[in-house]
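For reference, the structure is listed below as structure tokens.
The values are calculated or read from the model by the stated rules, or taken from the named source; none is laboratory data. These figures come from a predicted structure and were not determined experimentally. Counting neighbours? That spans all protein chains shown, and the Cβs are built from the backbone with ideal geometry, glycine included.
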């Protein structure tokens, strides 16, 4: 997770979309520590030259058919939600893109049985517009 931004640092984007955490959940890489690891990534972005006011849209982990992801997704999503609240309260431009359909409401659009591809992780073509809508809301 932490090294992902280094390849794109030179672009100086004013908006950064982050969908990260599925692999950490699948591999059970310290799910409670996902927020700390993400904070390092966010701080790397904001500390980059000309990026201190970059607005970050951090998504929760998408629903998944993988048993390990299902087990760890709630923990990772919880720490991501808390991280967004904390960073916004600290004056950072950060928003949550809620991808977790288990929360109900407007984001209850992903059905793992019909909308996730055979690999259990990636949305199929017919549902791509639904996660895209979360970035807008």
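Residues that are assigned to a helix (DSSP H, G or I) and under 12 Å from the mean Cα position of the chain (by Cα) are absent from the stretch 52-70.
Select from the stretch 21-32 the residues that are in contact (Cβ under 8 Å) with a residue 40 or more places away in the chain and under 15 Å from the mean Cα position of the chain (by Cα) and write down the one among them that is surrounded by the fewest Cβ atoms within 10 Å (Cβ to Cβ). The selected residue is 32.
Counting just the residues of the stretch 80-107 that are more than 20 Å from residue 25 (Cβ to Cβ) and not in a helix (DSSP H, G or I), which one comes out modelled with the lowest pLDDT? Going through the qualifying residues, I end up with 104. The residues of the stretch 41-67 that are exposed (fewer than 13 other Cβ atoms within 10 Å of the Cβ) and either touching a strand residue (DSSP E or B) at 6+ places or on another chain (Cβ under 8 Å) or within 26 Å of residue 116 (Cα to Cα) (or both) amount to a single one, 67.
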